[in-house]
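The values are calculated or read from the model by the stated rules, or taken from the named source; none is laboratory data. It should be emphasised that the depicted structure is a prediction, and the values quoted were computed from it without experimental measurement. Positions of Cβ are generated from backbone atoms using ideal geometry, with glycine treated the same way; all protein chains shown enter the neighbour counts. Ligands, DNA and RNA are excluded from the accessible area calculation, which covers all protein heavy atoms including side chains. Shrake-Rupley method; radii C 1.70, N 1.55, O 1.52, S 1.80 Å.
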Amino acid sequence: MERLAFLPFAQSQLLLPLPKVAAIPTPHNSNTNDNNTNVASDCVSNSIRDCHCAQDFCLSDRTVDAGFAHGVPLPQHQQQKQQQVTVNPNSRFLHFYASRGHKLLPSASLVPDDPTVLLTIAGMLQFKPIFLGKRCIRTNDINNVGLTARHHTFFEMLGNFSFGDYFKKQAILWAWELSTSEFGLPPDRLWVSVYKDDDEAFQLWSNEVGVPVERIKRLGEEDNFWTSGVTGPCGPCSELYYDFHPERGHVDADLNDDTRFIEFYNLVFMQYNKKDDGSLEPLKQKNIDTGLGLERLARILQQVPNNYETDLIFPIIEKASKLANVSYGFADDQTKRNLKIIGDHMRAIVFLISDGVVPSNVGRGYVVRRLIRRVVRTGRLLGIKGDGRGDLEGAFLPIIAEKVVELSTQIDADVKNKAPRIFEELKREELRFVQTLERGEKLLEEKLSDALSNAERNGTVPCLAGEDVFLLYDTYGYPMEITKEVAEERGVSIDMDGFDIEMEKQRRQSQAAHNTVRLAIENGENVAENVRDTEFIGYDRLHCKAMIESLMVNGNPAVQVSEGSNVEVLLNKTPFYAESGGQIGDHGFLYISEGDNQSKAVVEIIDVQKSLGNIFVHKGTVQKGVVEVGKEVEAAVDLKLRQRAKVHHTATHLLQAALKKVIGQETSQAGSLVAFDRLRFDFNFHRPLRDSELAEIELLINGWIEDATLLQTKVMPLADAKSAGAIAMFGEKYGEEVRVVEVPGVSMELCGGTHVNNTSEIRGFKIISEQGIASGIRRIEAVAGEAFIEYINARDFYLKQLCSTLKVKPEEVTTRIENLLEELRVVRNENSAVRAKAAIYKASGIASKALLVGNSKQYRVLVESFDDVDAESLKSAAEYLLETLTDPAAVVLGSCPVAAFSPGVVDQGIQAGKFIGQIAKLCGGGGGGRPNFAQAGGRKPENLSSALDKARSELMATLSEKGRCKCRMYSYMKDSFDSERRSGDSFLSILIALKDVGIT
């Protein structure tokens, strides 16, 4: 029996599963208040931070004046008793239940121990094992944030729980006493809902508490009956509502009317177990699960219009308002909504990162990345530029996060300790996303304009094509959610079906590269239906006799398969490990004997995959004889390759343990590969590892190897494994019974892979590489065991060859190579200088070939082939010629064409970059550069001569036309001046000015 009361817990709703809670047994506590001396102590009071999929998250630790509670007076006896005392609602809640025999538990992390749940989404989650291991699901729309008075992505929940101790009557009496006496809420403002068939609860509220029957509403299953899923613990609910407008009376009152009521305290009476057939059976141990929303309570106590204007969130909104240079009080509705989004999301973001969630594109990381991106875009809509401290290119999220951290200190002091890392992560993520926004915003605007234009022209509803949404997402990295949000703001819908089709195409293309197992044939028959699960005995034995249950060739069933054919073999039992958990499948052989130890048939197995749960598919080639269904085979795993896999798998566990020690416990696995020749481990981290960190990781792992520790492998219930601290891979599905692999004192993980018996079998460990593979995801590749020896021997061989070639000792190799590189650099520079001089000398011989162009022959054009000259020397030659010919001049030289134009030519609108790009296309290439100098290349050098001819003719034609235009301008101006009898001095000054700009 257990009573529990929770410290505040925060919830984020991100359209994800909502688990419920459980507890830890404690001794009975006789320290109860005078009115409840007979109540046992099997309950808990606590608060947990929680996450869902886009609706409620929070923290809170704001103070409320006990004498008046921001507009709602406390009872007279409390005003006298607590006058001039400020009491936190959290503390008052906890003290209330602690004095009634509850055990206090600390706030839980947003990152749950349960690998089947993305984020902590309910106070019940940490107590889930007590409730038959089931979970409930609650989803809310992130778009409600800022629109309604109560929706959040982060909220704080206070809760009291009982497991087999007090039940419905006591829970109801205490909930009423807490609300009216402790928090001073006027009883005539409180309404109650009960489940439609829960007459007991109705009578308790009416007769025991004294709530008028007209303020007790019976609601249906959707509102007031909690279930953990299709089956599992469940029971009716009862909820307390606060009435902001009692003057509206009782007739036709609707508790779902957000303008009048707010539900702030929910009591779940968990008294049934829902069976497979839908029937309900009473639980032997009845339980209480409650939740009191702190933001909602603060809104009631502080008498503000919505949760955002409480002192839990409003200081963050004020910070954002200052950065945006707007006033919340005078802002329009859309501006207020944007500020609320920032205030809400920033709390979620800060606490997620504090609890170790790193922004990424998968799992929990995507949750925080999505929230960050929404805040960044919302800030830009508000006009926030820079960090508000003078840096217009700076990040504003860390500045707002400072206020969140300041407000969090009384709830979770650890957030302040982690603040530097939080700020660094926010800055990096924001600046990276701003680049994405800038790339995608222009294209999105074009697509939206096209959609609106097409709709207006055709008289249809504007819709953004799925292909365009996918292009923005896939090519430009522009989040689909933001595309949808921007489109909706412009009144354009999204073709989500088209987007999903494009996503599926990409998914199929990606999967085509993977090795898949197909057990369904063209006529619809499913081979798996006639094959039992494969018994795996490979943990203890590497060979055994087995029966061939089925054969398949090219996805079709076969009775027998002859020599030389590729085949898939299904056995009744096997020692072969099938690929799973990152470890590749075993290799080996299947032997069919004909007596006297002579092999009648041999199948070489090169891969083993799992299909449809636990059917092992052995893939290989018939090397000899004929294999038939129903024959007995000797299955033998390649011993050496299995040992290599075992070594690398255990080394992977040691690597994860070392990473957590060196870079922080918050890092977690994001993928792995356990192969015969190496291991690969992907993990969440925001930066490259330093050389010193990699060295420390290697030192730790090799020390554990040297310790020669015996591994312990156990099979136990999943709940027991998690209670023992075993690490689970998020997203991996586990059964009720799990296999736990432990290196005592170092590592404990849920794992179905094969492992060494003693760490000394690993022999040695070496990291080969460390690199980033995605935003927030790093990858380490390493070798161990026999692969480690091979790696070291190979490096030793190469080093000996290098020493022999350079005639130095191993320790002198680095210095010798650095000296050689310096010598090479000097020689290259000298060589470049000589080549440049040779090119200039060659150029001096062709300067006289320049053509004079224009009516006054003012432009000099030189286009010539310049063979056997490198690009840098060609540039020097072009610059020399441009200087020699004087302004205005244009020079184009080949082999790899360069164009150099003087200012007088550029001023005529002729740019080298654009000009040479068009010429380069004739040589099958492209080019570009600055207006005065550009370079090109091409795959068709045989076209160079014709390309240069084209360049010459175009330059001459263009510059000739420019010259004629100038002459015409001159004549026109002269005639005008004559006709108006301009003075000679005035006309002379005009002529001088014209000459200065090249008109003679």
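Quick notes on this one:
- Every pair of residues 6+ apart whose Cβ atoms lie under 7 Å, when the first sits in the range 401-422 and is under 13 Å from residue 353 (Cα atoms) while the second is at pLDDT 85 or above and open to solvent by 60 Å² or more (accessible area, probe 1.4 Å): 405/416
- Of all the residues in the range 744-799, those that are exposed (fewer than 13 other Cβ atoms within 10 Å of the Cβ) and touching a helix residue (DSSP H, G or I) at 6+ places or on another chain (Cβ under 8 Å) number 1.
- Meets criteria (modelled with pLDDT of 90 or more and open to solvent by 30 Å² or more (accessible area, probe 1.4 Å)) for residue 263: yes
- The set of residues from the range 452-470 being of a type outside the set (S, T, N, Q) and either outside any helix (DSSP H, G or I) or open to solvent by less than 60 Å² (accessible area, probe 1.4 Å) (or both) comprises 452, 455, 459, 461, 462, 463, 464, 465, 466, 468, 469, 470.
- Filtered by the rule that a residue be closer than 15 Å to residue 616 by Cα and either aliphatic (A, V, I, L, M) or out of contact with any strand residue (DSSP E or B) (no Cβ under 9 Å at 6 or more places or on another chain) (or both), the range 543-568 gives 546, 547, 548, 551, 552, 567.
- Search result, residues across the range 408-462 that are acidic (Asp, Glu), touching a helix residue (DSSP H, G or I) at 6+ places or on another chain (Cβ under 9 Å) and more than 30 Å from residue 312 (Cβ to Cβ): 441, 445, 450
- For the range 210-243, filtered to residues that are aliphatic (A, V, I, L, M) and more than 36 Å from the chain's Cα centre (by Cα), the residue that is farthest from residue 176 (Cα to Cα) is 219.
- Across the range 380-400, the qualifying residues are those that are loosely packed, with under 14 Cβ neighbours inside 10 Å and of a type outside the set (A, V, I, L, M, F, W, C), and the one among them that is nearest to residue 358 (Cα to Cα) is 393.
- Qualifying residue in the range 683-691 (condition: within 20 Å of the chain's Cα centre (by Cα), modelled with pLDDT of 95 or more and open to solvent by less than 30 Å² (accessible area, probe 1.4 Å)): yes
Let's see how each residue does on (1) within 13 Å of residue 189 (Cβ to Cβ); (2) out of contact with any Gly (no Cβ under 7 Å at 6 or more places or on another chain):
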| site | (1), (2) |
| --- | --- |
| 216 | no, yes |
| 222 | no, yes |
| 226 | no, no |
| 235 | no, yes |
| 239 | no, yes |
| 246 | yes, yes |
| 252 | no, yes |
| 257 | no, yes |
| 262 | yes, yes |
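Here is a yes/no grid of residues against (1) open to solvent by less than 50 Å² (accessible area, probe 1.4 Å); (2) over 22 Å from residue 402 (Cβ atoms):
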{"residue": "267", "(1), (2)": "yes, yes"}
{"residue": "278", "(1), (2)": "yes, yes"}
{"residue": "281", "(1), (2)": "no, yes"}
{"residue": "311", "(1), (2)": "yes, no"}
{"residue": "339", "(1), (2)": "yes, no"}
{"residue": "347", "(1), (2)": "yes, no"}
{"residue": "350", "(1), (2)": "yes, no"}
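- Qualifying residue in the range 832-846 (condition: loosely packed, with under 10 Cβ neighbours inside 10 Å and either under 21 Å from residue 952 (Cα atoms) or modelled with pLDDT of 90 or more (or both)): yes
- Figure legend. Inter-residue proximity from the range 690-713: first residues of a type in the set (D, E, K, R), second residues assigned to a helix (DSSP H, G or I), beta-carbon distance below 7 Å, spacing 6+ or different chains. Indicated pairs: 693/662; 693/663; 696/662; 707/759.
- Of all the numbered requirements in (1) crowded, with 19+ Cβ neighbours inside 10 Å; (2) out of contact with any Ser or Thr (no Cβ under 8 Å at 6 or more places or on another chain), residue 240 misses one, and that requirement is (2).
- Any hit, the range 800-813, residues being open to solvent by less than 40 Å² (accessible area, probe 1.4 Å), more than 26 Å from the chain's Cα centre (by Cα) and closer than 30 Å to residue 614 by Cβ: no
- Verdict on residue 800 being at pLDDT below 90 and charged (D, E, K, R): no
- Top-ranked residue in the range 252-284 [being of a type in the set (Ser, Thr, Tyr) and more than 37 Å from the chain's Cα centre (by Cα); ranked as farthest from residue 237 (Cα to Cα)]: 279
- Elements of type strands (runs of 3 or more DSSP E) in the range 558-628, at least 2 residues being open to solvent by 40 Å² or more (accessible area, probe 1.4 Å): 560-562, 588-593, 599-611, 615-624, 626-628
- Test: residue 319 is in contact (Cβ under 8 Å) with a residue 40 or more places away in the chain and farther than 23 Å from residue 415 by Cβ: no
- Of the criteria (1) assigned to a helix (DSSP H, G or I); (2) touching a residue at least 12 places away in the same chain (Cβ under 8 Å); (3) within 25 Å of residue 334 (Cβ to Cβ), which one residue 449 fails: (2)
- Residue 718 aliphatic (A, V, I, L, M) and at pLDDT 95 or above: no
- Residue match in the range 905-920 (condition: over 51 Å from the mean Cα position of the chain (by Cα), under 30 Å from residue 830 (Cβ atoms) and open to solvent by 10 Å² or more (accessible area, probe 1.4 Å)): no
- Taken over the range 183-195, the criterion of being open to solvent by 20 Å² or more (accessible area, probe 1.4 Å) and touching a Pro at 6+ places or on another chain (Cβ under 9 Å) is satisfied by 186, 188, 189, 195.
- Where residue 202 falls short, out of the listed (1) of a type in the set (Phe, Trp, Tyr); (2) buried (at least 18 other Cβ atoms within 10 Å of the Cβ); (3) under 44 Å from the mean Cα position of the chain (by Cα): (3)
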